[in-house]
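The values are calculated or read from the model by the stated rules, or taken from the named source; none is laboratory data. Values in this document were obtained by computation on a predicted structure and should not be read as measured data. Glycine gets a Cβ as well: all are built from the backbone with ideal geometry, and neighbour counts include every protein chain shown. The accessibility values were calculated without ligands, DNA or RNA, using every heavy atom of the protein model including side chains. Shrake-Rupley method; radii C 1.70, N 1.55, O 1.52, S 1.80 Å.
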Number of protein chains: 2
Amino acid sequence: MRAMPTDRTPPHGTPAHGRPADAAAAHGTSSDGARSDGTPAHGPGTPADATPAEGVPGGGAGARRRGRPRKDEPALTERVVLDAGVRLMVRDGLDAVTMRGLAAELGVRAASLYRYVRNKDELLDALADELFAGIDLTRYAQDDWRAALTAMAAALRRHLLARRDSARLIAGRFTTGPNALRNIEALLAVLRGAGLSDHDAAFATYTYVTWLFGFVAAEQNRLSAEVAAGMAPREYLDRLAGRLRAMPPDRYPHVVALAGELTAPDLAARFDFALARLLAGIDVLRTTADPR
Amino acid sequence: MRAMPTDRTPPHGTPAHGRPADAAAAHGTSSDGARSDGTPAHGPGTPADATPAEGVPGGGAGARRRGRPRKDEPALTERVVLDAGVRLMVRDGLDAVTMRGLAAELGVRAASLYRYVRNKDELLDALADELFAGIDLTRYAQDDWRAALTAMAAALRRHLLARRDSARLIAGRFTTGPNALRNIEALLAVLRGAGLSDHDAAFATYTYVTWLFGFVAAEQNRLSAEVAAGMAPREYLDRLAGRLRAMPPDRYPHVVALAGELTAPDLAARFDFALARLLAGIDVLRTTADPR
DNA sequence: ACCTGAACACCGTTCAAGT
DNA sequence: ACCTGAACACCGTTCAAGT
């Protein structure tokens, strides 16, 4: 999975997110992380809604090492490390998140990080939860459960697509940090409100989340080694369509016949389609459990 | 080695496309995963080969460096490399699949591999398709489309679960090799047979596949860094349930209330639940498009 | 034609040592 | 208490050289 440093391919079907001013944040201060959520930014502080727990130094988070380095204050804090980790991943991709690279981003040496994280694996776990700090699904709550789940899915997808490799990071992890749980809470509220049993609400939430993360991971990842190496996604898909049409029709009749549909690049439409299937499936469950 | 070598002849004339369909496939939990043509060339000091050697000794293909090394025959072929790659991943995990490690598995040096694969990324693409060599969904075809899709899902999940890290390898790739396509063909056949339009059949197949791979990836991956470090999953889930129950009930009422359901370890039940939702969602579509 | 040795520029992690 | 230097055992990849 170690991609070559040559890749700067935008995920197809997504607005190529050019990162603006993160470089400035690279040195010093920066408790901003990279929040470029497509959602209405608003909010009191920058990182949407204060993250409750964590001993975030109130007010002066990350205000050190700009002018005079305080004697007693450490150069690093867990917060600063996590912010830098997210920023690095969003800017340069998950493969760029190495202990050495992260240290360089922070102006220290790799060995220093081990005071704040046990190892790289735990760093990535923490980063996975950190990704959910910038999104709060409770803001999309509304009476109609279908509308709520639809709005939440769109927000989640937008949020992840705007953060390079985020789904790849998340997909393989079971994230149970405070930020992830805040969003799980919002989903559970909708599904219980829709009349699902406790069991069904929990299972439906699991289904919704694993499906969505899997979908975006597939969407966000490079189509192939060729695309990762620089080929335009559009060209790759066209070539693929041609290859499919050229397959032996006796053995692959449906693949040949549906070559066009299979290689259509409209990921947003596929997302809507899949969500509609899931909601319909949930609806059956709901009306069965609570007919009215 | 590309994702789909149909239009390209491999270095040694082995028609990658014309391979006979896979014996010894999906049933059983055997973690074979290597193909039987081309005997694995065990290095002299293969470390702890706990996995029973798969397969029929193919003939003399892998006999090099044991008896007399043929003068003209190369030590490696693309087939032998791929077999060794799958074997290595299934035995030691995806992280063990390094160019150096794979070379050692084959009794050669890393640099030698670059005659057969362009780089590691393309190796992994080829490995991803190779994973589907051992399963043929057409065997599960039947009249009832629901029964067919259910049987296919179960076969796919079983196949992947039996191959360590397989879903992690696949989830992030768009696999369009001949083995993957054979199984896509089977799914398309069922969905078109159920009365879906071309568009819907293609989209439903995409939904089915991304959901299933995402689900198994979540299931197959380690729950957390703790579990990866050795903690029993059961204990981790119990602790997690405790943590969820101890969360502030004013902010996380549903998480607290459903702590038990959320941490239940019954992945098979969750799989059945999610599949039932999807099938119900497809059914709506089907009867809408083709009422009777 | 095929494989190797050696090199390059990287990794994650540990630990004694500095301040 | 916090960070560094240096080391160890790895990576992927290239390429001149061997056979």
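Summed over both chains, the contact between A and B buries some 6100 Å² of accessible surface at a probe radius of 1.4 Å. Assuming 0.36 nm per residue, please report the length gained on full extension of the stretch A:Ala246 to A:Arg118 beyond their Cα-Cα distance. Length gained, A:Ala246 through A:Arg118: 40.9 nm. Distance distribution P(r), segment A:158-236, all Cα-Cα pairs, bin width 10 angstrom from 0: 17, 39, 26, 13, 5 percent.
Charge tally around B:Trp211: other residues with Cβ under 10 Å, Lys/Arg +1 each, Asp/Glu -1 each, net +2. Sorting B:168-174, B:238-244 by average packing, meaning the other beta carbons within 10 Å per residue, from highest down gives B:168-174, B:238-244.
Per-residue accessible area (protein heavy atoms, 1.4 Å probe) orders A:Lys120, B:Lys120 as A:Lys120, B:Lys120, starting from the largest. How many angstrom separate the Cα center of segment A:85-116 from the Cα center of segment A:260-289? After rounding, the separation between the Cα centres reads 38 Å.
Sorted shortest first, the separations between the B:Ala147 label point and its copies elsewhere in the assembly read 4.3 nm; each point sits 7 Å from Cα along the Cα-to-Cβ line. Shortest first, A:Ala269 label-point distances to identical copies amount to 4.0 nm, with the label point at 7 Å from Cα along Cα→Cβ. Annotation for A:Asp95, label-to-label distances across the other copies: 1.9 nm (shortest first, one decimal, point 7 Å from Cα along Cα→Cβ).
Using the Cβ of B:Gly260 as centre and a radius below 15 Å, the other residues enclosed give a net charge of +1, where K and R count +1 and D and E count -1.
Remark on segment A:137-287: hydrodynamic radius 17.4 angstrom, per the Kirkwood mean of 1/r across alpha carbon pairs. Among the residues of A:208-220, the average count of other protein chain beta-carbon atoms within 10 Å of the residue beta-carbon is 5. The accessible area of A:Asp95, taken with all protein chains in place and a 1.4 Å probe, comes to roughly 50 Å².
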